[in-house]
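The numbers here are math on the coordinates, done by the rules we state, and not lab data. Note that the coordinates shown come from a computational prediction; the quantities given were computed from them, not determined experimentally. Cβ: placed from backbone, ideal geometry, glycine included. Neighbour counts: every protein chain shown.
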């Protein structure tokens, strides 16, 4: 089993209040998650779950997965 780093961004809906205010309402732009998984495929499935969770915030327009990388031991 390996340790993996998942990076997901939270892109906010545009409300006309300005990018900084919209991002603040949506939370941190970049989210980091560490998981243990046997393979890249398993880590990628977890990344999709995290992205779905971040994207469920009502102020988040889109939550793209930026990277899934194995941490060096």
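What the table shows:
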quantity: Members of segment 37-61 that are surrounded by fewer than 14 Cβ atoms within 10 Å (Cβ to Cβ) and touching a strand residue (DSSP E or B) at 6+ places or on another chain (Cβ under 6 Å); calculated: 61
quantity: Of all residues making up segment 40-72, the number that are touching a residue at least 24 places away in the same chain (Cβ under 8 Å) and not in a helix (DSSP H, G or I); calculated: 14
